[in-house]
1. Which whole-Hz ³J(HN,Hα) couplings does segment 103-111 yield from phi under the Karplus relation 6.51 cos²θ - 1.76 cosθ + 1.60, θ = phi - 60°, glycine and proline marked x?
2. Starting from the Cα coordinates of segment 32-128, work out the convex hull volume and express it per residue in Å³.
3. Return the lysines within reach of residue 118: Cα separation strictly under 22 angstrom, same-chain partners fewer than 8 residues apart disregarded; answer none if there are no such residues.
4. Between segment 99-122 and segment 22-41, what's the alpha-carbon centroid distance in Å?
5. What does the charge count near residue 41 come to, summing +1 for each Lys or Arg and -1 for each Asp or Glu among other residues with Cβ under 13 Å from its Cβ?
6. Excluding residue 74 itself, calculate the net charge of residues whose Cβ lies under 14 Å from the Cβ of residue 74, where each Lys or Arg counts +1 and each Asp or Glu counts -1.
7. Placing +1 at every Lys and Arg Cβ and -1 at every Asp and Glu Cβ, with all other atoms neutral, what dipole size does segment 85-128 have around its Cα centre, in debye to the nearest 20?
8. Could you give me the ³J(HN,Hα) list for segment 67-73, computed from phi with Karplus coefficients 6.51, -1.76, 1.60 and θ = phi - 60°, whole Hz, x at Gly and Pro?
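Read the figures in this text as sums done on the coordinates, not as results from a lab. Just so we're clear, the structure is a prediction, and the values are computed from it rather than from any experiment. FYI the Cβ positions are ideal-geometry reconstructions off the backbone, even for glycines, and counts take in every protein chain you see.
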Amino acid sequence: MKALLVLVLVVFTGCQANPLYADEPQSQLERLTDQLLEELNTVKCALKPYIEYVTEPFEKGVDYIKNLDSEMLKAKMLQTREELRGTMEERLKELQAQLEPFTQELKEKMNLYTRELKAFYEFYATGS
């Protein structure tokens, strides 16, 4: 038994082997890389609910667009177009009604200005 113990001591001390560490020690770069990857995985796990919260509406939108029927979409667009056209025509009529006094005043001023200008040119045309 003593001989076996001495033999084991000689073998391990002679080759300077450590039976607990069979692998070579990692370099600093490898340790840093491992630590970085562990931290990155931790951050990914921590942010996973937030990422799902942000991307979920986009995924629902994509699913909604995929499920749309082109005829239904066409009908909806035509209906919306007609509603917008009606609203636009109403607002245009309101705007025309609001601008009517200003347009009448502008027409009167332009007529007055053209009569004055016509008289001015007739004066110089006949005066020469």
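1. Going residue by residue, I get 5, 5, 4, 5, 4, 5, 5, 5, 4 Hz, with x marking Gly and Pro.
2. 334
3. Hits, sequence-local ones excluded: 107, 109.
4. That distance is 89 Å.
5. -1
6. Summing Lys/Arg as +1 and Asp/Glu as -1 gives -1.
7. 100
8. 7, 5, 8, 5, 5, 5, 5
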